[in-house]
Amino acid sequence: MRQIYRYIPVLVLALTIGITSCDETSGPAGILEERPSITDFQVTPSSVRFSEEDGFKDTLVTFRANAVSNIPEDFQLVAELADIRDRQILTSSTMTADPEGSGEYTASLNLTMSTSRFDNLVMYVYPRAPDGTVFDRVESTIKVRGIDTGRPEVLEIIHPDSVFIPPPGEPDNLFTISARVAHTFALENINRVQLDLFDSANTRIFTSNMSRSDPDGNGDPEYLLYGQDFSINSGNSPDSYRIEVHATDIAGTVSDTLSSTLIITR
């Protein structure tokens, strides 16, 4: 349960030694070898936009990666597609070299996406040596815009008007702040509901994503119920707290903020 509380320059001398004769020797092997790199990289399509004509469904999208690289014949060029938020790899492929030896490589990566998706993707391409060593990668962001999913609405904040501070030695006083949240399109489009708590000095002392629970006895609810548990003990001081709740949906649309007042008293 949570509780409410208020450079030194350095001179380097170079010594020149005159050499009258020497044998012709070679330097360390590979010292002048070129480091594997990617000189050109493109992704098609560079953006994805779904429309209402596509309908709300999962659909297969194919992304094509084209790159130019100087990697040796025994190296591979790898393409990976990831979610831009957490960089989790969603799919990957070893790129195919142009048989003419032009240095061009291609790959096709398939990804099943929801037409309501609004999270961007990122494509990585990098050289990989036979021993598994990975060299510098390049990347390209793919913008994704799904179908308009409406907007969330915070209908009501539910909590006791006041909570009493228990005497020393007495058990904590437990209570819950709940919020009824709806959506103009579909309840499953609600992504998160955030609760913020401010003291009488207008300082935010607590923030959290509320936990979800369905309303009892309603198989097809018009709203979802979210809650956050709190506890008050004898160490708390009387104060007035402003509760603020807002919701965000899967498209990133944020609801209006609903507020209420909670009194902590002895």
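The values are calculated or read from the model by the stated rules, or taken from the named source; none is laboratory data. Note that this is a predicted model, so its numbers are computed, not measured. Here Cβ is always computed from backbone atoms with ideal geometry, including for glycine, and neighbour counts include all displayed protein chains.
Some notes on this structure:
- Answer residue from segment 96-133, given it is touching a Ser or Thr at 6+ places or on another chain (Cβ under 9 Å), under 13 Å from Val48 (Cβ atoms) and in a loop (DSSP other than H, G, I, E, B) and is modelled with the highest pLDDT among those: Asn120
- Residues that are touching a Phe, Trp or Tyr at 6+ places or on another chain (Cβ under 6 Å) and over 30 Å from Thr106 (Cα atoms) do not occur anywhere in segment 123-138.
- Applying the condition of being closer than 30 Å to Glu104 by Cβ, charged (D, E, K, R) and exposed (fewer than 10 other Cβ atoms within 10 Å of the Cβ) to segment 8-67 and asking which residue is modelled with the highest pLDDT yields Arg35.
- Checked against the criterion of being at pLDDT 95 or above, aliphatic (A, V, I, L, M), closer than 27 Å to Asp83 by Cβ and not assigned by TED's automatic domain parsing to the domain that holds Asp54, segment 172-189 contains one or more residues that satisfy it.
- Qualifying residue in segment 237-244 (condition: among the hydrophobic types (A, V, I, L, M, F, W, C) and more than 14 Å from Arg151 (Cβ to Cβ)): yes
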